[in-house]
Amino acid sequence: MEEITMLMAKARDAQQVYETWSQEQVDITVAAAGWAIMEPGRNRELAELAVRDTGVGNVEDKVRKNHRKTLGLLRDLAGVKSVGVIAENSEFGIVEIARPVGVVCAITPSTNPGATPANKIINALKGRNAVIVAPSPKGWSTADRLISFMHDQFDRIGAPRDLVQLLPTPITKQSTAELMRQCDLVVATGSQSNVRAAYTSGTPAFGVGAGNVAGIVDETADLDAAADRVLRSKTFDNATSCSSENSLVIVEVVREKMLAALAARGAVLLNETQKSVLQQLMWPEGKLSAAVTGKSAQVIAERAGFNEIAATGPRILMVDENGFGAEHPFSGEKLSPVLAIYTARDFDDAEHIVKRIYAWQGAGHSVGLHSAMSERALRLGLTLPVSRVIFNQAHCIATGGSFDNGLPFSLSMGCGTWGGNNFSENMNYRHYLNITRVSQAIVENVPSEKELFAALFATIGTP
């Protein structure tokens, strides 16, 4: 497509200029892009536009997300070398040099049409790359406004506007596919169809796995603290994050007390009849409906006809579940403040239930644990197919990096081969770099066969 070719040509021209810039100039450009979304007036405008045009989430949480995720990312990048020599290891005679990847195609979802493009753009700029954003159709207006704010900031520092561009509307699968084909790197966040398209585009790509996070509450947990964390996580931005819990597995001896703690904070457990009605609303034709995606629990209750419940202003809706798979849709991702409750006999059973959930959907992403036993968090990391174990934290706040944990601030979660991805980290600036290694000769280090095979020969006998 000629239009895509023209965008790419402008991006390459801008990137070739930017590639010659110093670390100081790059860091100023990164700060300018961050300030474009963090300035309070612009932040609120973007949040309001996102909710208005996508119908997903709520304004106040998007304001907080735009601010915290960008602030945290800028903290992570402060003082980090991404130009020239970035590391030297004299023991191994290796010098690492950061090089740009070129032009990045950033595919972004409607759930975070401001914060996710900003995160990808800032990380890409840190590596002296150009970026062309391919948003969801509903998120196009927010991305367009964000990029216009960035261009204004670029003008003030003398940075080329074409470092950051936007795929023109209307967004189509064909135009996005052509952009992916022509760019140097694809970073895809959103639906699994988008991720699969990125991986099959013929261009190197990073994509994220499906969300369907489960949390465990064991018999040693501080139940009030756990309930606070779950409610904070599950209600944030109306549970649009892939890191929001979709299932909570509670050890039986604390089930009633945990449910009471959740109820005291505005959670409502539906009966079996109400569960059936809600299922019809959420999956009328077997596919999750936009009628509930990113909507508040009160709106969902109203649309389900639960008027008495809606009148109480519920914060989340809960349903008991004991099955897994397509015949039990509550076992999958819900993108709304609806939480499936599983009851486990003990911690071993809880772990088994989570494995069953992830065998259906969500493998590779993460698991939450509320417990007084930190060794259980390590155990889950050794046994479950997850890239992150979030221990005694509000899951959706913590998974993408937080000021009280050490994970990188990101809105793109690698899920490893479990989730069909080629990486298992929080996506960060290093994923937007090529690294050249200069190797120098060192003192020769040749091991003996005796050293290498000692354990083997001790087991099978010396040949």
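Put in order of Cβ neighbour count within 10 Å, fewest first, the listed residues Met6, Met150 become Met6, Met150. Solvent-free Debye calculation, one equal scatterer per alpha-carbon of segment 1-122: log10 I(q)/I(0) at 0.11, 0.15, 0.21, 0.23 Å⁻¹ equals -0.51, -0.84, -1.19, -1.26.
With the gyration tensor restricted to C-alpha atoms of the chain, the semi-axes of the equivalent ellipsoid amount to 38, 32, 19 Å, longest first.
Less than 5 angstrom separates the built amide H of Ile316 from those of Ala267, Val268, all sequence-distant by 5 or more or on a different chain. Distance between the C-alpha centres of segment 137-153 and segment 1-48: 11 Å, rounded to the whole angstrom.
If we count every other residue with Cβ under 12 angstrom of Lys355's Cβ, Lys/Arg +1 and Asp/Glu -1, where does the sum land?
Numbers: positive: Arg356; negative: Asp348, Asp349, Glu351.
Around Lys355, the charge tally is -2.
Between beta-carbons, use under 10 Å as the cut-off and find the net charge around Asn212, counting Lys and Arg +1, Asp and Glu -1.
Cβ neighbours under 10 Å give a net charge of -1.
Run the helix sum for the chain: -39,500 (n - 2.57) per DSSP H stretch of 4+ residues, divided by residue count, reported at 222 nm to the nearest 500 deg cm²/dmol.
Working: 17 runs with 201 residues, N = 463.
When only DSSP H runs of four or more count, the value is -13500 deg cm²/dmol.
Any chance you could check the Cα centroid distance between segment 398-430 and segment 327-352 for me, in angstrom? Going from one Cα centre to the other spans 23 Å. A simple count of charges around Phe403, restricted to other residues whose Cβ falls under 15 Å of its Cβ and scoring Lys, Arg +1 and Asp, Glu -1, yields +4. Would you be so kind as to identify which of Ser244, Ala377, Gly114 lies farthest towards the positive end of the dipole of the chain, taking Lys and Arg as +1 and Asp and Glu as -1 on Cβ and the Cα centre as origin? Result: Gly114. The HN-Hα couplings worked out from phi for segment 177-189 by the Karplus form 6.51 cos²θ - 1.76 cosθ + 1.60 (θ = phi - 60°) are 5, 5, 4, 4, 5, 8, 7, 9, 8, 10, 10, 10, 10 Hz, whole numbers, x standing for Gly and Pro.
Working from the Cα coordinates of segment 2-208, the gyration tensor eigenvalues give, after taking √(5λ), semi-axes of 26, 21, 16 Å in decreasing order. Potential lengthening of the chain between Thr462 and Val17 amounts to 154.0 nm, from the contour at 0.36 nm per residue minus the alpha-carbon distance. Sorting the segments 334-340, 422-428, 433-439 by their mean number of nearby beta carbons within 10 angstrom, highest to lowest, gives 334-340, 422-428, 433-439. Computed from backbone phi with θ = phi - 60° and the Karplus coefficients 6.51, -1.76 and 1.60, the 3J(HN,Hα) list for segment 290-300 is 5, 5, 10, 4, x, 9, 6, 4, 5, 5, 4 Hz; x is used for glycine and proline. When restricted to Cα atoms, segment 213-397 yields an Rg and a Dmax of 15.1, 45 Å, respectively.
Nearest 0.05, what FRET efficiency do Thr172 and Glu302 give at R0 = 22 Å with Cβ-Cβ as r? Provide the component values of the computation, followed by the final result.
Details: r = 35 Å, r/R0 = 1.58.
So the FRET efficiency works out to roughly 0.05.
For segment 272-284, putting each phi into the Karplus relation 6.51 cos²θ - 1.76 cosθ + 1.60 with θ = phi - 60° gives couplings of 5, 5, 5, 4, 5, 5, 5, 4, 5, 5, 7, 10, x Hz, in residue order, rounded to whole numbers and with x for Gly and Pro.
I'd like the FRET efficiency for Arg430 and Asp346, computed as 1/(1 + (r/R0)^6) with the beta carbon distance as r and R0 of 41 Å, rounded to 0.05. Show your work: numbers first, answer last.
Values: r = 41 Å, r/R0 = 0.99.
Efficiency at R0 = 41 Å is approximately 0.50.
Tell me whether segment 232-287 comes out rounded, prolate or oblate; compute the Cα gyration tensor, take square roots of the eigenvalues as a ≥ b ≥ c, and use a/c under 1.5 as the rounded threshold.
Oblate.
The amide H of Phe206, built 1.01 Å from its N in the peptide plane, has Val186, Val187, Ala188 as neighbours under 5 Å, considering only residues 5 or more places off or on other chains.
Residues whose amide H falls under 5 Å from that of Val213, counting only those 5 or more places apart or on a different chain, are Asn246, with hydrogens built in the peptide plane. With the simple spin-label model, which puts each label point 7 Å out from Cα in the Cβ direction, the Ser90 to Ala264 separation comes to 6.0 nm. Overall dimensions of segment 1-62, expressed as equivalent-ellipsoid semi-axes from the Cα gyration tensor (√(5λ), whole Å, largest first), are 30, 20, 7.
Read the figures in this text as sums done on the coordinates, not as results from a lab. Predicted, not measured: the structure shown is a model, and the values here were computed from it. Here the Cβ is made from the backbone with ideal geometry for all residues, glycine too, and neighbour counts use every protein chain on show.
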